[in-house]
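Engineer: Sharing a structure, written as structure tokens. Questions coming.
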Amino acid sequence: MIARADAVADRSGVESAAGPPRFATLPVAVIAAVTGFILIARSTRYDYFGDELYFLAAGRRPAAGYVDQGPLIPSVARAVDVLAPDSLVALRLPSIVLTVGGVVVAAALAREFGGRAGAQSLASLAYAVCPFAITQAATLSTFAFDATLSATVLWLVVAWVRARRDGVLLAAAAVAAVDLQVKLLVPVVLAGIVLGAAVFGPRRSTRRRTPLLVALIVAVAAAPSLAWQAAHGWPQVAMGRVIRAEQSAATGGALGLPVQFALLAGLLGTVLTVCGLWGLLRRPSLAEYRFLTVVALVLVGFVVLSGGRPYYLAALLPVLFAAGAVTAQDAVRRGWRRGGEMALAAVSLAIALGVIMALPQPISRLHEPTSSPRELYTRLRLFGTTGWPELLTAVSGAYAQLDPAERGRTVIVTQTYWQAAAIDQLGAHLPPVYSPNRGFAYFGTPPDSATTVLYVTAGDAEPVLRPMFSSLRVLSRADDPLGFPGISRSVTVWRGDDPTRSWSEIWSARTTLALDTGR
């Protein structure tokens, strides 16, 4: 089978010894342009996601690092908010650009693997229609940036394997340096590359100083975030435990990972993933790139052992789609290839367009309360985040009940960082907001001069709040039975007067990284 595949390589689209094929500029550009147009057109269909509001709030509080991400996404959010205030299209445009970038990277990888226009187009189309790309472009997020940046690192390393030009390797280090400002996840990819090279090669040496320069670039880029983490007690490590619990409850954890990955890759992507892994392990023409299977194994192992989110594997999608496209076009009979690939591509495209047109569902189609983490996860995917106006109405109504003389010594404290971020972004008429939850907890405590507090809670919080204040009473509620938990359902706005302890003591006792929406 392999011998036959190699015999038809020149006919089916594999590079000759002279070098890689031409880049399929026209078909890839068309796929990328159509993808970008569709994603921009649907970018306002979802209201703000809670993390988007948090990034906007974090951008107004610049730092070298944050609890669960680097400084780049908050900085991007801040820049967009200054240039185009309150524009969902502008806020999500960077994610859309990175998604379109993933389409191009998939094609570029197929070219490096020797694929001609057909393989390049198939790889780019597979990425364009995979469910992950739809999610990647839907909101401003860390994974929207990290997935494409990490995939770009892998593409540049693959290009270096072919060309052996050290400048390409330094470019990969520069992209990794940018990615480190998003999340501290790309070191797992880099570790996989090093381990893969040790197992499978390539072992041909570069200039002696190049690996040192790569290590130096990565170390310098990581230093500010690592210093921030060290100064704040390594909250990223604690977040790992929180994420593990969230994923176990919402998606089944490690046991649910194969299904979650297939959902990210889509129908065409899953088929190409299987073909790509087989090709990388068995095809002689891809032998130099076999180290990529170790990268995949290291990433999967990291997600399983750490309990990480399934989309941490998204950097592998362009690689596996590209290897799969080249392998499929080489190893299968020509007649089946055209019919089979076209059928898979058509069905995948139809599914992607159907998802884009159908989501988000109108909230009128929601008939049952959201009660469990799995139901909340499903609700987010089907309906998006809803209820911000109701939350702001409840808080504004409570604030309106205060005497004008009291307002100067009043602050807002919220149970969740989503609540705090929404008030910070959408409640300009309201007093300063604080929260002991997740990243917002590190933005500071209320001043001790704040003797009146509007405390926004989710669920039954009275037993916790009662000892914190000399007096406590309810001012307003947001409790739509079908509302979003913690935003427009089970929300109470309390008035607390004269805290019984200093705010630093309260913060020390109340700070938590878990997001409790009061379901």
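Engineer: Run Thr135 past the list (1) assigned to a helix (DSSP H, G or I); (2) in contact with a helix residue (DSSP H, G or I) (Cβ under 7 Å, 6 or more places away or on another chain); (3) at pLDDT below 95 and report the number of the one that doesn't hold.
Structural biologist: (2)
Engineer: Does Ala63 qualify as being assigned to a helix (DSSP H, G or I) and either of a type in the set (A, V, I, L, M) or out of contact with any Lys or Arg (no Cβ under 8 Å at 6 or more places or on another chain) (or both)? Quick ask: steps written out before the conclusion?
Structural biologist: Numbers: assigned to a helix (DSSP H, G or I): no; either of a type in the set (A, V, I, L, M) or out of contact with any Lys or Arg (no Cβ under 8 Å at 6 or more places or on another chain) (or both): yes.
No; evaluated as a whole, the condition is false for this residue.
Engineer: Now for a different question. Out of all the residues in segment 440-488, which are more than 29 Å from Thr378 (Cβ to Cβ), assigned to a strand (DSSP E or B) and out of contact with any Gly (no Cβ under 6 Å at 6 or more places or on another chain)?
Structural biologist: Across segment 440-488, the qualifying residues are Thr452, Leu454, Ser470, Ser471, Arg473, Val474, Leu475.
Engineer: May I ask you to list the residues in segment 271-301 that are in contact (Cβ under 8 Å) with a residue 60 or more places away in the chain and polar (S, T, N, Q)?
Structural biologist: If the condition is that a residue be in contact (Cβ under 8 Å) with a residue 60 or more places away in the chain and polar (S, T, N, Q), then Ser285, Thr293 are the ones that fit.
Engineer: Out of everything in segment 209-268 that is within 17 Å of Lys183 (Cβ to Cβ) and at pLDDT below 90, what residue ends up being surrounded by the fewest Cβ atoms within 10 Å (Cβ to Cβ)?
Structural biologist: Within segment 209-268, the match that is surrounded by the fewest Cβ atoms within 10 Å (Cβ to Cβ) is Glu246.
Engineer: Any residue that is of a type in the set (A, V, I, L, M, F, W, C), in a loop (DSSP other than H, G, I, E, B), in the same structural domain as Val491 (by TED's automatic domain parsing) and farther than 17 Å from Asp86 by Cα - is there at least one of those in segment 407-428?
Structural biologist: Taking segment 407-428 and keeping what is of a type in the set (A, V, I, L, M, F, W, C), we get 411-413, 418, 420-423, 426, 428.
Subsequent filtering for residues that are in a loop (DSSP other than H, G, I, E, B) retains 428.
The next check asks that each one be in the same structural domain as Val491 (by TED's automatic domain parsing); those that pass are 428.
Imposing the further condition that a residue be farther than 17 Å from Asp86 by Cα reduces the set to none.
No: segment 407-428 contains no residue that is of a type in the set (A, V, I, L, M, F, W, C), in a loop (DSSP other than H, G, I, E, B), in the same structural domain as Val491 (by TED's automatic domain parsing) and farther than 17 Å from Asp86 by Cα.
Engineer: A further question follows. Within segment 351-376, which residues are buried (at least 16 other Cβ atoms within 10 Å of the Cβ) and not aliphatic (A, V, I, L, M)?
Structural biologist: Pro360, Thr370, Pro373
Engineer: May I ask you to list the residues in segment 27-49 that are over 20 Å from Ala352 (Cβ atoms) and at pLDDT 95 or above? Step through it out loud before you land on a result.
Structural biologist: Taking segment 27-49 first, the residues over 20 Å from Ala352 (Cβ atoms) are 47-49.
Correct list: Tyr48, Phe49.
Engineer: Pick out, from segment 315-404, the helices (runs of 4 or more DSSP H) lying fully within it that include 1 or more residues that are in contact with a Phe, Trp or Tyr (Cβ under 6 Å, 6 or more places away or on another chain) and modelled with pLDDT of 80 or more. Give the derivation first.
Structural biologist: Values: elements: 316-331, 334-358, 373-383, 388-400.
Passing ranges, in order: 316-331.
Engineer: Could you look through segment 480-503, keep only residues that are out of contact with any helix residue (DSSP H, G or I) (no Cβ under 8 Å at 6 or more places or on another chain) and among the hydroxyl-bearing types (Ser, Thr, Tyr), and pick out the one that is nearest to Pro431 (Cα to Cα)?
Structural biologist: Let us first name the residues in segment 480-503 that are out of contact with any helix residue (DSSP H, G or I) (no Cβ under 8 Å at 6 or more places or on another chain), namely 481, 489-490, 492, 497-498, 502-503.
Pick out the ones that are also among the hydroxyl-bearing types (Ser, Thr, Tyr) and you get 490, 492, 502.
On the way: Ser490: 22, Thr492: 17, Ser502: 19 Å.
Top of the filtered list is Thr492.
The values are calculated or read from the model by the stated rules, or taken from the named source; none is laboratory data. Because the structure is a prediction, the values reported are computed rather than measured. Every residue, glycine as well, gets a Cβ built from its backbone with ideal geometry; the counts of neighbours run over all protein chains shown.
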